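Q: What follows is a structure written as structure tokens; I'll ask about it next.
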Amino acid sequence: MSFGGKPNTSDTTKISGNGWPDLSTDGFRRIRRIPPVFDNDSMAMAITIAADAVQVELSRLCVAGSPPTLTDVQAAIYTRAVYARAHGDLLPEFATQDRRKEANNMATYEPEQQHQFWAQSTRDIRQLLGMGRFTVGLI
């Protein structure tokens, strides 16, 4: 936020992937259509935590502790998984932050929407693991 109270649209944080694709708050804003009025530091923290959670779930793809080399499509799926999880985690926070006219959209803050974002992340993780959308097993 600038001193004049206007959103700073150039504010971005790069998040190192440490072998996984690098991410950024700018990319998160563009892909997930997040208005620039929301706090960059909160988004960076949520993306970092979501990336760690996704990487833990994808750890079986690692070879000798190193992340796999991903194709462009796999990198896009990984990025979507992380951003969807971070977006779902941030929805309650977005609802409590000061809203300007361009950020006031109550429909996106429903608990159902949060679960849909988390479900998208789970589907993407399953796809990267070579699993189908659903698993059936015997009890």
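Rule-based calculations on the coordinates, nothing more; no lab input. Small disclaimer: the values here were computed from a predicted structure and weren't measured. For neighbour counting, all protein chains shown are included, and Cβ atoms are generated from backbone atoms with ideal geometry for every residue, glycine included.
Q: How charged is the neighbourhood of residue 121? Take every other residue with its Cβ under 11 Å from the Cβ of residue 121, and add Lys/Arg as +1 and Asp/Glu as -1.
A: Numbers: positive: 80, 85, 123, 126; negative: 57, 89, 124.
Local charge sum for residue 121: +1.
Q: At R0 = 25 Å, how high is the FRET efficiency between residue 139 and residue 56 if r is their beta carbon distance? Nearest 0.05 is fine.
A: Rounded to the nearest 0.05, the efficiency is 0.40.
Q: Given a Förster radius of 25 Å and the C-beta distance between residue 39 and residue 18 as r, what FRET efficiency does 1/(1 + (r/R0)^6) yield to the nearest 0.05?
A: Calculated value: 0.55.
Q: Quick check: net charge around residue 50, other residues with Cβ under 9 Å of its Cβ, Lys/Arg +1 and Asp/Glu -1?
A: Spelling it out: positives minus negatives among the neighbours equals -1.
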